[in-house]
Structures are given as C-alpha cells and as structure tokens.
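Below you'll find the structure I mean.
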Amino acid sequence: MPSNEPESRPAPYADDPRIHHVDTRTLRGLAHPLRIRLLSALREFGPATASGLAERLGESSGATSYHLRQLATYGFVEDDPERGKGRERWWKAVHMGNTFNTSTFLDHPDAEVRGAVGVVLHEVATTHAQELNTWLGTMHEWPEEWRRAFDLSDFKLRLTPELSTELAERMQELVNSYRDRVPEGTEGSAVVRTHLHMFPRPTD
C-alpha cells in the first residue's frame, strides 16, 4: 500500500506495527517482480513452502527459494517454525502490508533507488490489472449475491495535491474501518480486494 503522503504531515500507518515502512535499503530488497509476487502470495494465502509457492506462481522451486531468502534478509518474510518439519522450510510474511513515500524515492539522487521504486510501482499496477481481469473472467462462477456486489467505477475530479492526499487518506480510513468486522470462516464471506488508484491527468 504505497503512500504519497507529504513529509510535513504524519505518514499513514505510522503507528501500525503490522505495516512495514520501506526505506532505501529494503526497497532494493523488494524491487524484483518475483519477490513482490511471493510476498503478496504469503500475505494473501498464508504460510507456504518454496515448492508450494513455486506451484502456485508457475516458477521453479529453486527461484522461489532463492528470492524468499532474499526477502528474509531484508525483513519481509521469516521462518514459520510451527509448520516446518525436518528439512521442510515454511515461510510467512512478517507484515500485512507496506507503505512508503513515493515522491521521496522518485526524487532520490541515486538512480538505482529511482529505478527500484519504478519496478515496485509497475509490478503493483500489473498485479492489480491481473486480479481484476481474473475476476472478470471468473465472475460467472460466483453466487449472484457476489456478482451484484462487485464494483468497477472511475471518477473525474478537479483537485489540488493537498485535496488529493486528503481524499486518499479518507478512502483508506474508510476501507480500514471494515477490517476484522467479519470473522474468518463466516458463511457467505470472502476475501475482498479493493484497489485505490489516484493520479492527475493533462486536460488537453
């Protein structure tokens, strides 16, 4: 969950231990498409082995094992000792999400840092598009109640940067207010993915 929060205001999720605040060091560790996909899978589906993740993502277990170790080096994932047995190594995500000040990295004097944040942002955007396309391609398999409940909207507003930041914050607060309201395993419930995209466009 990247944030464009200005430095002069408190960063969203500043006091939430479940959120990892990405810095230039950990950004470099995250900036790889497979690592982003591995971390997303662990956060969404829970602990897994390198081979299990390889099967889910269509990758080799050698590749997933290597990149899981890299994610662990930078503090994104860790061993799940409650599940590991013998030589079988289970991994789990350390945090439920990430946040970082996008503009700080995009304006960074180090070209490597600027390139790394570009990799992360483009991979997140690609994942969002894939998730939406998967839903559109499989929505006929879901009960009618869920087909009626989904939303695909876009809006055009004229705002200042300050109002755009305020709107994004309020939308995130609203989404987070629904977190943990439905216990896991509740009949008829499902995990819902909500994407927030906000960006300016030229008028001519």
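The values are calculated or read from the model by the stated rules, or taken from the named source; none is laboratory data. Source: prediction; values computed, not measured. Because the Cβ atoms are built from the backbone with ideal geometry, glycine has one as well, and the counts that use them run over all protein chains shown. All accessible areas refer to the heavy atoms of the entire protein, side chains included, with ligands and DNA or RNA removed. Shrake-Rupley method; radii C 1.70, N 1.55, O 1.52, S 1.80 Å.
Over the chain, average the accessible area per residue using a 1.4 Å probe and give it in Å², no decimals.
69 Å²
Hey, can you grab everything whose amide H is under 5 Å from the amide H of Thr49? Only 5+ residues off in sequence or another chain; H modelled, so Pro and N-termini drop out.
Counting only residues 5 or more places away or on other chains, the set is Trp91.
Between Leu157, Leu106, Leu34, where does the largest GNM mean-square fluctuation fall for the chain, given springs only between Cα atoms within less than 10 Å?
Leu157
Tell me the carbon and sulfur percent of the accessible area for the chain, rounded to whole percent, probe radius 1.4 Å.
Numbers: 7290 of 14120 Å².
So the carbon and sulfur contribution to the accessible surface is 52 percent.
Read through the labelled values (i) 24, 22, 18; (ii) 29, 25, 17; (iii) 26, 23, 15 and report the label of the one computed as semi-axes √(5λ) of the Cα gyration tensor in Å from the structure.
(ii)
Can you list the DSSP H helices in the chain whose Cα atoms extend at least 30 Å along the helix axis and whose mean Kyte-Doolittle hydropathy is -1.0 or higher?
What comes out of the filter, once short or polar helices are dropped, is 111-138.
With unit charges on the beta carbon (Lys/Arg positive, Asp/Glu negative), name the residue among Thr127, Val94, Thr104 whose Cα is farthest towards the positive pole of the charge dipole of the stretch 82-130.
Val94
With a ≥ b ≥ c taken as the square roots of the eigenvalues of the C-alpha gyration tensor of the stretch 32-84, please select rounded if a/c is under 1.5 and otherwise prolate if a/b is larger than b/c or oblate if it is not?
It comes out rounded by the Cα gyration axes.
Which of these, Glu169, Glu141, Glu59, has the largest mean-square fluctuation under a Gaussian network model of the chain (Cα springs below 10 Å)?
Glu141
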